[in-house]
Amino acid sequence: MRKLSPISLFALVPVLVFARPLTSAPQQPKLDIKVFIGLGETTYVAMLETGRERDFFGSYQIGFGPRLHRGKAFFEALFSFNRWIYEGVNPNFGGLKTQVNSFELPFLAGYIP
């Protein structure tokens, strides 16, 4: 018989937990929906020949995700989009504007004792 890999066990355990019958009949799996928004600011201090220059750059994060729990076990997936913008003044290059976008999709599973 083939051995199960740790990745397949990670996918199989939540399915088995949510598929087994509960000890009391009226209980159903519960679904919670999360929505979050975050704002941030970064300070960049450049040491130039003329002295220090401070620049402030904004960022934001927005996301949502469902959490399914049954009894004390839960499974969760969070969809998150992040944007961070940097605009720097470099005399050699005439200026620099960088924008970093990222998308995160973590899967969480756990047990609350």
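None of the figures in this text is laboratory data; all of them are computed from the coordinates on show. It should be emphasised that the depicted structure is a prediction, and the values quoted were computed from it without experimental measurement. No Cβ is skipped: glycine too gets one built from the backbone with ideal geometry, and neighbour counts run over all protein chains shown.
Tell me which aspartates and glutamates have Cα within less than 13 Å of Lys3's Cα, excluding those fewer than 8 residues away on the same chain?
Counting by Cα, and skipping residues close in sequence, Lys3 has no aspartates and glutamates nearby.
Quickly work out the Thr43-to-Gln61 label distance, labels modelled 7 Å from Cα along the C-beta direction, and quote it in nm with one decimal.
In this crude label model, Gln61 to Thr43 measures out at 2.1 nm.
Stretch Thr98-Arg52 to full length: gain in nm at 0.36 nm per residue minus the Cα-Cα span?
On the way: separation 46, 0.36 × 46 = 16.56 nm, distance 2.08 nm.
Going from the current span to full extension adds 14.5 nm.
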